[in-house]
Amino acid sequence: MWKINLSLLLLGVASQAVAAPLERATPESVGMSSAGLADLKARMAAFVTSGARAGVVYAVARDGKLVALEAIGMRDLERKLPMEPDTAFRIYSQSRALTATATLS
């Protein structure tokens with residue numbers, strides 16, 4: 001059972017990776033606040049300016065519509081390359097997250 005659930009999870013993740021881009025929408029059209037999203041952007045920028053992170057990329061979607069996609073800071077400090085919305089991140093040690101997801105299904 002474990003292998004089937006994990007396979008379905010990975011298949012679901014893979015299918016999301018090749019899905020069509022989300023339609024863009026204004027925050028208010030999906031019941032969100034532009035001021036709240038501006039505050040989020042300021043807080044993410046503060047992580048970068050304080051030196052806590054070199055760069056961040058975040059997205060906010062609601063009702064299947066993208067309301068914010070921001071790239072802030074640098075992806076490579078030595079080469080001075082800016083963070084891009086499609087910057088790839090290496091994520092290590094996801095065994096706990098996968099185990100928790102499999103347990104919940």
(message) Take the residues in region 15-27 that are closer than 12 Å to residue 66 by Cα and either surrounded by 10 or more Cβ atoms within 10 Å (Cβ to Cβ) or polar (S, T, N, Q) (or both); name whichever of them is modelled with the lowest pLDDT.
(response) 22
(message) Under 9 Å between Cβ atoms, which residue pairs at least 6 apart in sequence (or on different chains) link something in region 82-94 that is of a type in the set (Phe, Trp, Tyr) with a partner that is open to solvent by less than 100 Å² (accessible area, probe 1.4 Å)?
(response) 89/57
(message) Please count how many residues of region 41-84 are open to solvent by 70 Å² or more (accessible area, probe 1.4 Å) and farther than 26 Å from residue 20 by Cβ.
(response) 9
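The values are calculated or read from the model by the stated rules, or taken from the named source; none is laboratory data. Just so you know, these numbers come straight off a predicted model, no measurement behind them. Note that each Cβ is placed from the backbone with ideal geometry, even for glycine, and that neighbours are counted across all protein chains shown. SASA here: full protein model, heavy atoms, side chains in, ligands and nucleic acids out. Shrake-Rupley method; radii C 1.70, N 1.55, O 1.52, S 1.80 Å.
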